[in-house]
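These notes are about the structure you will find just below.
The values are calculated or read from the model by the stated rules, or taken from the named source; none is laboratory data. Everything numeric in this text was worked out from a predicted model, so none of it was measured. Cβ placement follows ideal geometry from the backbone for every residue including glycine, while neighbour counts extend to all protein chains displayed. In case anyone asks, the SASA skips ligands and DNA or RNA and just uses the protein heavy atoms, side chains included. Shrake-Rupley method; radii C 1.70, N 1.55, O 1.52, S 1.80 Å.
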Amino acid sequence: MDIRHFFKKPKLCDSLNEASTGTTSIEINNSTVDMESSELCVVENIGNYLNVENIDDCLKHEHFRNPCVPNTTYDFKSDLKSGRTQAFRHQWLHENGSWLTYSALEGVKGAFCRTCVLFKPSIHRGVQGGFIIKPFTKYKDFHASSKIHLSLNWHTKSMSRAKDFMDIMNGKTISVIEQVNCGLHKEIETNRLKLKPIMSTILFCGTHDLPLQGKKSDSGVFHDLLNFRIESGDEILKDHFLTNVGNAKYSSRRTRNELITLCGKILKEEIVCEANAANAFSIIADESADISGVEQLTIVIRFLDKQSKIREEFLGFFTLR
């Protein structure tokens, strides 16, 4: 019976649906992304994510793929606080598209750093002010303040985390979970290759009515066949015996008995499935005693297989109580 295990990599969630209205473009990280021609994009305003610890990956991806910013007709002067004379300029979004965004949400209207809001560093040090935890509104000092912000350790770490995130979402690299799964999958495949010659040797002895165990634990037909395989050039089995300790070689009597039991279970399940698929089957039962005198019921099943051949298959002994 062919037994296969499938290890599915965890899928990253699909990005949100794009808006169906007309679009305009903005350049971010040397690539062009689309924005809605309506007043605000379909993704939530960046102001909704202030001080939010766990932000959905789909929303993060959408904010970088389709950032939520006002369109070119938006009246930034209407968002000016009392005493302010200079308003935000839409041109700044194009010049600093890799990190800058604008929030038109009531109460938090102003400029924000998209990466610093969405990808907060694990260690919070220093003073966080405009662009990070509150909107930046001193637009007359925008250029000087933006240069200072870009030099902050907070922003540098946030940009690094954002780049790694986008690489994963765009398929350029794999996540830590996928790397762990790949390592685990590779280890499983290696162990299967090591176990295959041991398993095939047990099956060879069973199909040819050869005894596995000799007078000693490390003697007998089973161990002689394994040594013969190594002499014949089985490098995987040779490396397995040389690099693993005695209780991890899978050649002990206990391990062999477990493998034989598993083989019997698999064969029994296969026979039962074939019998259930037949139009009809019958059960042959007989009572007998083992060497210790315990009464046992012998079960044999008889059925017509798919090739229209009559088959009788032994299912096992069952103790009578």
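Asp286 contributes about 100 Å² of solvent-accessible surface, heavy atoms of the protein only, 1.4 Å probe.
Across the protein chains, with a 1.4 Å probe defining accessible surface, the residues Ser288, Ser151 rank Ser151, Ser288 from largest area downward. Extension gain for the segment Val221 to Asn279, taken as residue separation times 0.36 nm less the Cα-Cα distance, is 16.6 nm to one decimal.
Leaving ligands and nucleic acids out of the surface, order Leu59, Leu262 by accessible area at 1.4 Å, largest first. Intermediate values should be presented prior to the final figure.
Numbers: Leu59 40, Leu262 95 Å².
So, going from the largest accessible area down, we get Leu262, Leu59.
Expressed in Å, the radius of gyration and Dmax of the Cα atoms of the range 211-283 are 17.6, 52.
Annotation for the range 210-260: chymotrypsin sites (Phe, Trp or Tyr not before Pro) lying in DSSP loop with at most 15 further Cβ atoms inside 10 Å of their Cβ do not exist. Taken over the range 185-313, the percentage of Cα pairs per 10 Å bin, counting from 0 up to the bin with the maximum distance, is 10, 30, 28, 20, 12, 0. Taking all protein chains as shown and a probe of 1.4 angstrom, Thr207 keeps an accessible surface of around 100 Å². For the listed residue pairs Lys81/Lys147; Lys140/Lys163; Lys134/Lys163, the alpha carbons are over 27 angstrom apart in Lys140/Lys163.
A 1.4 Å probe, protein heavy atoms only, puts the accessible area of Thr201 near 10 Å².
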